[in-house]
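**Q** Submitted below is the structure of interest, expressed as C-alpha cells.
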Amino acid sequence: MKQLRAIRGMNDLLPDQSPAWQYVEATLSELFARYGYSEIRTPILEATQLFSRAVGEATDIVEKEMYTFEDKSGDSVTLRPEGTAGTVRAAIQNNLLNQPQRLWYFGPMFRYERPQKGRLRQFHQFGVEVFGIEGSDIDAEILIMTARLWRQLGIADHVTLQLNSLGNSDSRAAYREALVAYLSERREQLDEDSQRRLERNPLRILDSKNAQTQELLADAPCLLDFLDEESAAHFAQLREMLDAAGVKYEINSKLVRGLDYYGKTVFEWVTDSLGAQGTVCAGGRYDGLVEQMGGKSTPAVGFGLGAERLVLMLETLEVLPESLAQQVDAYLVAVGDVQSAALAAAEQLRDELPWLRLQAHCGGGSFKSQMKKADKSGADYALIIGEDEVANGQITVKYLRSDQQQQTLALTELAALLQG
Ligand code: ATP
Ligand code: MG
C-alpha cells in the first residue's frame with residue numbers, strides 16, 4: 001500500500017520538539033494566571049456562518065482560507081481559522097457577559113494558505129479576549145503582559161510593538177472614502193490584488209507588500225488624521241500608560257489587520273528574526289463584535305499569538321533553557337530474571353521521590369545494551385538491579401555524567417542519596 005502522509009501544511013509535533021512546546025505552554029499559562037485570566041476551551045468545529053459574520057465576508061480568511069465542508073446532516077461547518085469568533089459565541093451563549101471577563105485560550109487553528117516557514121495550514125495560537133472593559137487601561141494591560149512575556153522568554157530585544165488606532169466606524173468610513181478617492185485616481189499604478197481590494201476592502205491596501213503600491217501610499221491620506229475625538233483620547237491615554245510602564249512602541253498609521261471586527265486600538269508585535277513571517281502576536285479592540293453577533297453591546301479587546309512562530313523564534317535565537325533537552329533523571333537497568341522486582345522497586349522510588357523522572361527498562365537484553373540505552377536516555381544515573389541486588393534488597397547507582405564512584409546500597413537509602 002502506498003505510504004500515507006500527513007496533509008500538506010499540517011505538521012506532526014515529534015517527541016524531540018515537544019519539550020519546547022511544553023515550556024512555552026507552561027510559561028504562558030502561568031503568565032495568564034498571574035494576571036487573573038481564566039482559560040476557555042471552545043470547539044474546533046463551528047457553524048460556517050459564525051466566521052463569515054464575525055471575521056467578515058471580504059477578508060482573506062473568509063474569501064479563501066477556510067476549511068469548510070458539509071457534515072452528514074448537510075450543515076455547513078468550518079474548522080476554526082481563529083479564536084475570537086468562537087470565544088465571543090461562547091461568551092454570549094453561556095451568559096458570561098454580565099461582568100467583565102479576562103479569558104485566554106490555546107489550540108489549533110486552520111487556514112488554507114500556502115505552507116512556508118512560519119505559515120502552516122494547521123497552526124496553533126494562544127489568544128486573549130477581554131470583555132466588558134471600555135477604557136484604554138485594559139488595552140495597556142494586555143500589552144504590558146505581552147512585554148513581560150518577551151522578557152521572560154529572553155526575546156525582548158527581538159520584538160517591536162507597532163501601534164495604531166482605527167477610530168470608530170464613522171471615522172473609518174470617512175477615511176475609507178478619502179483613501180478610495182486618492183487611490184482611484186491612481187488605479188493603474190496599483191498592483192492587481194490592491195485593485196481588487198479597492199472595491200471590496202480598501203483599508204487592506206495599506207497592508208500591501210507591493211513596493212510600488214507602498215510608494216503610492218506614502219502620500220495617501222493618513223488614518224490618524226481622521227480619528228474621532230473619543231478614539232483619539234483613548235489612543236492618547238493608551239500611549240501614556242505604555243510610556244509610564246516603559247513599554248516601547250512605534251506608531252504605524254498603515255497597520256490595519258486582516259479582520260473586519262477591529263476598531264480603535266490595533267497592534268502587532270513583529271520580529272526580524274523570522275524572515276517574511278514577522279508578526280508573532282497581533283490584536284486590537286473590537287467593541288462592536290459582541291452586539292453584531294447577537295449579544296448585548298460589550299466592549300472587547302484581545303490578541304492572537306502564533307505558537308509555531310514563537311517556538312521558531314526561541315529556537316533561532318537559542319534562548320530555550322538547556323534543561324529542556326533532558327527528559328529523564330534516572331534509568332532503571334534490570335539484569336537477569338528480576339523484572340518483577342525491578343518494576344516494584346521503580347514504583348517504590350516513584351512513591352518516595354515524586355520529582356524523579358525515572359524510566360524503567362523493559363524488554364530484557366544484556367547489561368551492556370541496557371547501559372547503552374541508559375546513556376542515550378540522557379539520564380544522570382543508571383539504577384541497576386541484578387539478581388544479587390534483589391537477594392540483598394539493594395540497588396546499584398552508576399553515575400553517567402560524572403566520575404563519581406558507583407555504589408551499592410539499600411533501596412531505602414537511595415531516596416536520601418538522590419535527594420541530597
Ligand atoms: P499574517 O499577516 O502573518 O498572515 P494574520 O494577520 O493572518 O497574519 P492573525 O489572524 O492576526 O494573523 O493571527 C495572529 C497570529 O497567528 C499571527 O500574528 C501569526 O503569528 C499567527 N498565524 C496566522 N496565520 C498563521 C499561519 N498560517 N501559520 C502559522 N501562524 C499563523
Ligand atoms: Mg494571514
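The values are calculated or read from the model by the stated rules, or taken from the named source; none is laboratory data. These numbers come from a predicted model, not from an experiment. Counting neighbours? That spans all protein chains shown, and the Cβs are built from the backbone with ideal geometry, glycine included. Ligands, DNA and RNA are stripped out before the accessible areas are found, and what is left, the full protein with its side chains, is counted by its heavy atoms. Shrake-Rupley method; radii C 1.70, N 1.55, O 1.52, S 1.80 Å.
**Q** Kindly sort Asp260, Asp337 by accessible area of their heavy atoms, largest first, with the probe set to 1.4 Å. Numbers along the way, then the final one.
**A** Working: Asp260 75, Asp337 135 Å².
Correct descending sequence by accessible area is Asp337, Asp260.
**Q** For the pair Lys368 and Ser273, how long in nm is the line joining their label points, each one 7 Å along Cα→Cβ?
**A** Taking the two extended label points, one gets 4.5 nm.
**Q** Moving to a separate point now. Give the share of C-alpha pairs in each 5 angstrom bin for segment 220-263, from 0 to the last occupied bin, in whole percents, shortest bins first.
**A** 5, 18, 22, 27, 21, 7, 1
**Q** Also, I was wondering about something else. What lysines could a cross-link reach from Lys248, if we take a straight Cα to Cα line under 27 Å and drop same-chain neighbours fewer than 8 places away?
**A** Straight-line reach from Lys248, under 27 Å: Lys209, Lys264.
**Q** A further question on this structure: Compare the Cα positions of Gln195, Tyr262, Val130 along the charge dipole of the chain (+1 at Cβ of Lys, Arg; -1 at Cβ of Asp, Glu; about the Cα centre) and return the one farthest towards the positive end.
**A** Selected residue: Gln195.
**Q** Starting from 0.36 nm per residue, how many nanometres of slack lie between Met10 and Asp225 once their C-alpha separation is accounted for?
**A** Fully extending the segment from Met10 to Asp225 adds 73.1 nm.
**Q** Okay, next question. Once label points are set 7 Å from the Cα along Cα→Cβ at both Gln189 and Gln292, what is their separation, rounded to one decimal in nm?
**A** With each label point 7 Å from Cα toward Cβ, the separation is 3.2 nm.
**Q** To check you understand DSSP bridge types, tell me what percent of the beta bridges within the chain (both residues inside) are antiparallel, rounded to 5.
**A** Just about 80 percent of them are antiparallel.
**Q** Rounded to the nearest angstrom and ordered from largest down, what semi-axes does the equivalent ellipsoid of segment 187-271 get from its C-alpha gyration tensor (root of 5λ)?
**A** For segment 187-271, the semi-axes come out at 27, 14, 12 Å.
**Q** Another question, if that's okay. Could you calculate the FRET efficiency of Gln3 with Ile44 from 1/(1 + (r/R0)^6), where r is the beta carbon distance between them and R0 is 30 Å, rounded to 0.05?
**A** Details: r = 27 Å, r/R0 = 0.90.
It comes to 0.65.
**Q** Something else: Between Lys209 and Asp403, how many nm apart are label points set 7 Å from Cα along the C-beta direction?
**A** 5.6
**Q** Another question, then. What number comes out for accessible area per residue over segment 326-419 if the probe is 1.4 Å? Units Å², please.
**A** Details: 5210 Å² over 94 residues.
Roughly 55 Å² per residue, with all protein chains present.
**Q** At 1.4 Å probe size, put Glu322, Glu188, Glu65 in order of accessible surface, largest to smallest.
**A** Order by accessible area, largest first: Glu322, Glu188, Glu65.
**Q** Something else now. Per residue and in cubic angstrom, what volume does the convex hull of the Cα atoms of the chain have?
**A** 213
**Q** Next up: Could you give the length gained by full extension between Lys64 and Trp355, i.e. 0.36 nm per residue of separation minus their alpha carbon distance, to one decimal place?
**A** The Lys64-Trp355 span can extend by a further 99.9 nm.
**Q** Can you return the lysines within cross-link range of Lys368? Criterion is Cα-Cα under 27 Å, with same-chain partners fewer than 8 residues away left out.
**A** Within the straight-line limit of under 27 Å, Lys368 reaches these lysines: Lys376, Lys398.
**Q** Please list the three semi-axes, largest first and in whole Å, of the ellipsoid equivalent to segment 326-419, using sqrt of 5 times the eigenvalues of its alpha carbon gyration tensor.
**A** 17, 16, 13
**Q** Sticking with this structure for a sec: Could you give the dipole magnitude of segment 244-349 about its Cα centre, charging the beta-carbon of Lys and Arg +1 and that of Asp and Glu -1, in debye to the nearest 20?
**A** The calculated dipole for segment 244-349 is roughly 760 debye.
**Q** If you average the C-alpha positions of segment 356-377 and of segment 209-269 separately, how far apart do those two centres end up, in angstrom?
**A** 58
**Q** Give the lysines whose C-alpha is closer than 28 Å to that of Lys72, dropping any in the same chain fewer than 8 places away, or say none.
**A** In chain and number order, the partners are Lys64.
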